[in-house]
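Step one of this worksheet: look at the structure below.
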Amino acid sequence: AKKILAGTTPDIVLLDMNLPGSKSLTLLKEYRSRYPLTKMFLLTSRVNRSIEKHFVAAGADFIFDKYHDFESIPLIIQHLINVREKNGDCNGK
């Protein structure tokens, strides 16, 4: 993922909260620092509000339960595209 993102500024980063080795929080912090305007979408299969607070504090914009919220991701992406087009900017801010 780091190679793919090198030299670009993504509109959205989709990150799994349960990456092996507990690297998700570290990557989120790194990506948030590198891409402050990028929307950070996190996926989880284990909803835990106390853990989610750490991810939100680190810069997560959205946290989705893979089993219950997955279908809403395209709707949110479309909303962000609409906002971007309305505002004339590339990150919906």
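The values are calculated or read from the model by the stated rules, or taken from the named source; none is laboratory data. Owing to the predicted nature of the structure, the values given are computational and were not obtained by experimental measurement. All Cβ positions, even for glycine, are placed from backbone atoms using ideal geometry, and neighbour counts span all protein chains on display. Ligands, DNA and RNA are stripped out before the accessible areas are found, and what is left, the full protein with its side chains, is counted by its heavy atoms. Shrake-Rupley method; radii C 1.70, N 1.55, O 1.52, S 1.80 Å.
Data for the structure
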| item | result |
| --- | --- |
| Accessible surface of the chain [probe 1.4 Å, protein heavy atoms]: carbon and sulfur percent | 58 |
| Global geometry of the chain, whether rounded, prolate or oblate, following the gyration tensor of its Cα atoms and the 1.5 cut on a/c | oblate |
| Simple Cβ-charge dipole of the chain, Lys/Arg +1 and Asp/Glu -1, about Cα centre, in debye nearest 20 | 360 |
| ³J(HN,Hα) computed for each position of segment 72-82 - Karplus, 6.51 cos²θ - 1.76 cosθ + 1.60, integer Hz, glycine/proline x | 7, 4, x, 5, 5, 4, 4, 4, 5, 5, 4 |
| Under Karplus coefficients 6.51, -1.76 and 1.60, residue-wise ³J(HN,Hα) of segment 65-70 in Hz, glycine/proline x | 7, 4, 8, 10, 10, 4 |
| For residue 64, distant residues with modelled amide H under 5 Å away | 42, 43, 44 |
| Loop sites in segment 41-93: chymotrypsin sites (Phe, Trp or Tyr not before Pro), DSSP, at most 12 other Cβ within 10 Å | 67, 70 |
| Lys pairs under 22 Å by Cα in the chain, provided they are eight or more residues apart or on distinct chains | 18 |
